[in-house]
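In what follows, a single structure is set out as structure tokens and then discussed.
What follows is calculated from the coordinates using simple rules that are stated; it is not laboratory data. The shown structure was predicted, so the numbers you read here are calculated from the model rather than taken from an experiment. All Cβ positions, glycine included, derive from the backbone under ideal geometry; neighbour counts span all protein chains shown.
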Amino acid sequence: MSKYNVKDVFKAFGPKYINIYKLSKEQWKVYNAIMNCGTKELGYHVCICEECGEEYIGVNHCRNRHCPMCQNYAREKWIQKESSYLLDSRYFHIITTVPYELNEIFLYNKDICYKILFKATSEAILTLAQDPKWLGAKVGITSILHTWGQTMEFHPHIHSIVTGGGLNNNHWITCDKDYIFKVQVLGSLFRGKFLYYLKHEFNNLKLPKNIKDIKSFNKFLEPLYNKTWITYIEPPKGNAENVVEYVGRYSFRVAISNERIKNIDENNVTFEYKDYKDSGKIKEMTITGIEFIRRFLLHVLPDNFTKIKHYGLLANRNKKNNIKFCRLLISRILTNEFVSKVTRKFNEFKCKKCGSTNFSYSYHYDVHRLCRN
């Protein structure tokens, strides 16, 4: 268990931070959720052992998706659900990211820009996959939004897990290469689509003061057409069961985990990060507590924004039917019937008296009554 956590940083430097910076409505929600997580402010729950009747009282947690203390259970439940949609297929990991020059526009227009990022990514992947030059089939995509780098600086990008095969005229087409299409081709198509959709949203964007009209906006974007946009295609990762574990880790990450925080003193926070520019070496960085909170809150998502989306064969509308049909086609090719069995190990709470894991729960917010009892 980590000695320090994000909540400790908020407690130590939060009051100073909110005197310096103005928090948005969404940032206030996250700030208050983390500050109150695991305290009496969120009330208590009572666990009653169904075998022996022993009672246990515990504090409630915030369950906010930005809280590093509340992600484990949500991640395990999501993995358990998504494992039912696995195919006996290879899967590719694709990353699409935008140049740093667009960061300011992203920060002013998170909802719009994140949606464009999803749209441009999914359309580029689906278009190339359906091209007979590459796979020539409709693939399934699970895309996850991340907005941070290892040092918590703002770095919006999409992680997409893509099936290494797809449907074409009721046939399953398998990709037998270590790439589904060329990364340079993906980068060019993604860049074109993103900039096209961004221009289309000009009238809805909040822009920096130096961009006053459509002419100056186009001039600002012009150099980006000639810049190489970073995209990455990672070869398949083992069997199908490994894929859902891999996706789950990415899906429920927050800007920084508690384990990476190594020290908090009067003014500073020290944390670990992986330096990809230096062969992925683990290093330590020390920044002020105020700067730590500023960086952390950069990554608060707009209210009700969906950070995990599915496309192609995995689009929610026909997902179940597509999976059934694809499994039938793949089983004919492999001459066996694939059934995904991903077993999850939850950290089950056991009764200290009898060892049972069967509990009934009740939730209470009348703290004083519980304390009296």
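The ranking of 183, 300 from fewest to most other beta carbons within 10 Å of each one's beta carbon is 183, 300. Can you give the log10 of the normalised intensity I(q)/I(0) at q = 0.17, 0.22, 0.25 Å⁻¹, computed with Debye over equal Cα scatterers of the range 44-139? Normalising to I(0) and taking log10 leaves -1.08, -1.22, -1.21. Applying a threshold of 31 Å to the alpha-carbon distances of 22/209; 307/353; 206/320 flags 307/353; 206/320 as lying beyond it. For 92, 181, the sequence from fewest to most other C-beta atoms within 10 Å is 181, 92. For residue 3 and residue 57, what is the calculated FRET efficiency with R₀ set at 30 Å and r taken between the beta-carbons, to the nearest 0.05? Given R0 = 30 Å and the Cβ-Cβ separation, E is 0.70. Straight-line cross-link partners of residue 3 among the aspartates and glutamates, defined as a Cα under 18 Å from its Cα and at least 8 positions apart when in the same chain: 259, 265, 266, 272, 284. Taking 0.36 nm per residue of separation and subtracting the Cα-Cα distance, full extension of the segment from residue 294 to residue 332 would add 8.3 nm.
Under 8 Å for C-alpha pairs, at least 6 residues apart: give me the relative contact order for the chain, rounded to a whole percent.
Over the chain, the number comes to 29 percent.
Computed over the chain, the per-residue total of -39500 (n - 2.57) for DSSP H runs of n ≥ 4 gives a 222 nm mean residue ellipticity of -11000 deg cm²/dmol, rounded to 500. Compactness ratio for the range 1-63: Cα radius of gyration over 2.2 N^0.38 Å (N = residue count) comes to 1.51.
The modelled label-to-label distance for the pair residue 169/residue 65, using points 7 Å beyond Cα in the direction of Cβ, is 4.1 nm.
Find how much the distance from residue 353 to residue 108 grows on full extension, using 0.36 nm per residue of separation minus their present alpha carbon separation; answer in nm with one decimal.
82.7 nm
Counting only the backbone N, which residues of the range 127-161 are under 18 Å from the spot 7 Å out from the Cα of residue 275 toward its beta-carbon? Only 149-153 pass the distance filter. Label positions at residue 285 and residue 188, each projected 7 Å from the Cα along the C-beta direction, are separated by 3.4 nm.
The slack in the chain from residue 325 to residue 225, taken as 0.36 nm per residue of separation less the alpha-carbon distance, amounts to 31.9 nm.
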